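Have a look at the structure below before the remarks.
The values are calculated or read from the model by the stated rules, or taken from the named source; none is laboratory data. The model shown is predicted, which means the values in this text are computed figures rather than measured ones. Here the Cβ is made from the backbone with ideal geometry for all residues, glycine too, and neighbour counts use every protein chain on show. Just the protein is used for accessible areas: all its heavy atoms, side chains included, with ligands, DNA and RNA removed. Shrake-Rupley method; radii C 1.70, N 1.55, O 1.52, S 1.80 Å.
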Amino acid sequence: MSYIEITFPDESVKKFDPGITPLEVAKSISNSLAKRAVVAKFNDHKIDLHSPIHKSGKLQILTFNEKEGRDVFWHSSAHLMAQAIKRIYPEAQLGIGPSIEDGFYYDIDLDRPITPEDFETIEAEMNKIVEEDFPTQRIVLTPTEAVEFFKNKNELLKIELIDELDNADETISAYSQGEFTDLCRGPHVPSTGVLGKNFKLLSVAGAYWHGDENNKMLQRIYGTNYPDKKLLKKHLKRIEEAKKRDHRKLGKELQLFSIQEDIGSGLILWHPKGAYMRHLIENYWKEEHIRNGYQLVSTPHVAKLDLWETSGHTDFYNENMFRPMSVDEMDYQLKPINCPFHMKIYNSEIRSYRDLPLRFAELGTVYRYERSGVLHGLMRVRGFTQDDAHIYCHPDQLTEEIIGVLELMEKILSAFGFTEYDVYLSTRPEKYVGDEASWDHATNALREALEIKKMDYELDPGEGVFYGPKIDVKIKDVLGRSWQCSTIQVDFNLPEKFNLNFMDVDGQRHRPITIHRAIFGSLERFFGILIEHYAGNFPLWLAPVQAKVIPIADRHIEFAEKINQKLMEQNIRPELDSRNEKVGYKIREAEIQKVPYMIIIGDNETQNGTVSVRHKGEGDLGQLSMEDLMQRMSHEITNMP
């Protein structure tokens, strides 16, 4: 009798009859695994648990513990919510319903608004569907059949999605559960009962169809779901904590920045305290880059449109660029990216292999047209400063340069308190520029650098950008949330377009390997992450006001002024509060402003030449001499995270 061989993640191999399903394989291992199984991965492709396997290959059973398992669990939960909504509001038109970080959403078109008061009714219907435990079934249709199917269901948005697919000669899949069928690639959980009842609808917001403000505004309903009630409670608690840490709320309360509509959406005004913090961040960044062999450059905010035609941005990035402006009968363009300028600087001289590696770094402000529906505080803006750098190196230097970037990244991010990352290595996509040998060389160099650094990473096959493979690094904040920040990209496109070369030892001209890299990603977004990570309680070295000097009465102001002056002379950032207010009020306000140190001046302090000190993390420290206070603060600043 013929059989197939299944290889498991631990490299063990077992024989099975052809046609066995991943769920049956899971049951053969343990009932516990079968109960926790969400989806399977066969030869690196996700498949439904009830899909028959007819050939030998590698199989992994995915549970909620794996990211890909969570994504499927949450996407299936989006279908569950959509089915409940269609039962309650049959006239609702369904848009899209993907999984997202920590949950899912579904966009719907409905004449009546859905409010949080409706969530309980929708959740009750979701419970019924879970109890009915409908099996999920994959349906394969031709594009014509798919249009006809969803036309009969009066799902006009689904027909739009089908029309936009570039697969006239291919098939389209849909998934059904009970009376509900949705256009979907899949895969999905085996049945609605697998999803359990630990779900929660969280919020509703407006969202333009396809993210285009020229389209109709839909209602986007957010939710989450967990296989365990404790995990759900933990998540809801994290959401409440995240609300308290919202950088938009704290940015206003701490007088760090503002966004004012009469100036323009997505444009940031840095207030004095926020601007000083930005100054500290920029100075640290510059010092570390100079120390690591980078040369600082600075480029204009605009350039002739021709530059962006050469780089290709007018072809593939035009919709994200502001409209050109006419100057002296020439079209100029606000820069959406710094790279072409750096290419031009490289080409301003004849380069030799002896010049390499050459590292250019810039804190360059760029401007991109982001649709109003996606703008979000500091996290998504229209004008932002990239901590950009480009490294031009010999092919033999590539691995070493990538290691250098990873080490610099670790040092800088750790200074701000970030030491945990999710790392992804993205490889060659279907459409790409350059030759396969160059791609393989670059991908191997990225992989080798990660392995030499002993950094755990996840392979993201085919997700590299068209011009080269890349490493993406997502930092984890104190709440365990991931934020995309650092990126290292090898580029085969711009060096070709700008004809970069260097004279090698063989006397011939060759292309340098070019690396794009950023550590913060953008200063604005990184600043927003910092605010939420620390909840505004910044480490002493970064706090805009490090000490609040508080005289108790008017007779103590003169001594308080001397203390304030001594602090400034020691490069401490104090702020004197000499207002005619009660000391308790001043202390409470300093606490609200999250000032690390409060220095209280009264009769005893004036007579003894000491200060009474409160620390926001430790409370009352008692009376200290100025020498002891300065030593303490200096130690705290020097030993920054």
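Residues are listed down the side, and each one gets a yes or a no for (1) crowded, with 22+ Cβ neighbours inside 10 Å; (2) at pLDDT below 95; (3) more than 13 Å from R220 (Cβ to Cβ); (4) hydroxyl-bearing (S, T, Y):
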residue: A78; (1), (2), (3), (4): yes, no, no, no
residue: M81; (1), (2), (3), (4): yes, no, no, no
residue: R87; (1), (2), (3), (4): no, no, yes, no
residue: P90; (1), (2), (3), (4): no, no, yes, no
residue: G95; (1), (2), (3), (4): yes, no, no, no
residue: E101; (1), (2), (3), (4): no, yes, yes, no
residue: D118; (1), (2), (3), (4): no, no, yes, no
residue: T136; (1), (2), (3), (4): yes, no, yes, yes
Identity of the residue in segment 124-134, within 12 Å of Q177 (Cβ to Cβ) and open to solvent by 50 Å² or more (accessible area, probe 1.4 Å), that ends up nearest to the chain's Cα centre (by Cα): D133
Keeping to segment 308-339, report how many residues are among the charged types (D, E, K, R) and either in contact with a His (Cβ under 8 Å, 6 or more places away or on another chain) or in contact (Cβ under 8 Å) with a residue 40 or more places away in the chain (or both). 2
Only residues that are over 23 Å from D228 (Cβ atoms), touching a Phe, Trp or Tyr at 6+ places or on another chain (Cβ under 7 Å) and in contact (Cβ under 8 Å) with a residue 60 or more places away in the chain: list them for segment 108-144, please. L110, R138
Across segment 408-462, what is the number of residues that are assigned to a helix (DSSP H, G or I) and over 24 Å from V478 (Cβ atoms)? 17
Could you list, in sequence order, the residues of segment 247-274 that are in contact with a Gly (Cβ under 8 Å, 6 or more places away or on another chain) and of a type in the set (D, E, K, R)? R248, E253
Go over the candidates T314, T299 one by one and state the one that is at pLDDT 95 or above and either surrounded by 14 or more Cβ atoms within 10 Å (Cβ to Cβ) or within 18 Å of V366 (Cβ to Cβ) (or both). T299
Go through K237, K244, K286, K249 for me and flag whichever is under 24 Å from the mean Cα position of the chain (by Cα), closer than 30 Å to N225 by Cβ and in contact (Cβ under 8 Å) with a residue 60 or more places away in the chain. K244
For the condition of a type in the set (F, W, Y), part of a strand (DSSP E or B), under 30 Å from K216 (Cβ atoms) and in contact with a strand residue (DSSP E or B) (Cβ under 7 Å, 6 or more places away or on another chain), what is the one hit in F360, F384? F384
Q255 vs. criteria open to solvent by 80 Å² or more (accessible area, probe 1.4 Å), in a loop (DSSP other than H, G, I, E, B) and not aliphatic (A, V, I, L, M): yes
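Here is a yes/no grid of residues against (1) touching a His at 6+ places or on another chain (Cβ under 7 Å); (2) closer than 30 Å to F498 by Cα; (3) of a type in the set (K, R); (4) open to solvent by 60 Å² or more (accessible area, probe 1.4 Å):
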| residue | (1), (2), (3), (4) |
| --- | --- |
| K244 | no, no, yes, yes |
| I263 | no, no, no, yes |
| G274 | no, no, no, no |
| M277 | no, no, no, no |
| G293 | no, yes, no, no |
V25 open to solvent by less than 40 Å² (accessible area, probe 1.4 Å), touching a strand residue (DSSP E or B) at 6+ places or on another chain (Cβ under 9 Å), in a strand (DSSP E or B) and touching a residue at least 24 places away in the same chain (Cβ under 8 Å): no
Strands (runs of 3 or more DSSP E) contained entirely in segment 463-533, each with at least 1 residues that are open to solvent by 30 Å² or more (accessible area, probe 1.4 Å): 470-476, 482-491
Considering segment 415-454, residues that are modelled with pLDDT of 90 or more and β-branched (V, I, T), and then whichever is surrounded by the fewest Cβ atoms within 10 Å (Cβ to Cβ), we arrive at T419
Select from segment 344-377 the residues that are open to solvent by 30 Å² or more (accessible area, probe 1.4 Å), of a type in the set (V, I, T) and closer than 29 Å to N320 by Cα and list them in ascending order. I345, T365, V374
Residues in segment 555-611 that are touching a Leu at 6+ places or on another chain (Cβ under 7 Å), under 24 Å from F538 (Cα atoms) and of a type in the set (V, I, T) total 1
If we only count helices (runs of 4 or more DSSP H) wholly inside segment 555-620, which ones have 2 or more residues that are of a type in the set (K, R)? 557-569, 583-592
Tally, over segment 190-206, of residues that are open to solvent by 30 Å² or more (accessible area, probe 1.4 Å), part of a strand (DSSP E or B) and of a type outside the set (G, A, S): 3
Would you check if there is a residue in segment 207-222 being closer than 30 Å to T63 by Cβ, open to solvent by less than 50 Å² (accessible area, probe 1.4 Å), of a type outside the set (D, E) and not in a strand (DSSP E or B)? no
Looking for whichever is under 26 Å from Y457 (Cβ atoms) and open to solvent by 60 Å² or more (accessible area, probe 1.4 Å) here; the options are K46, K55. Which one fits? K46
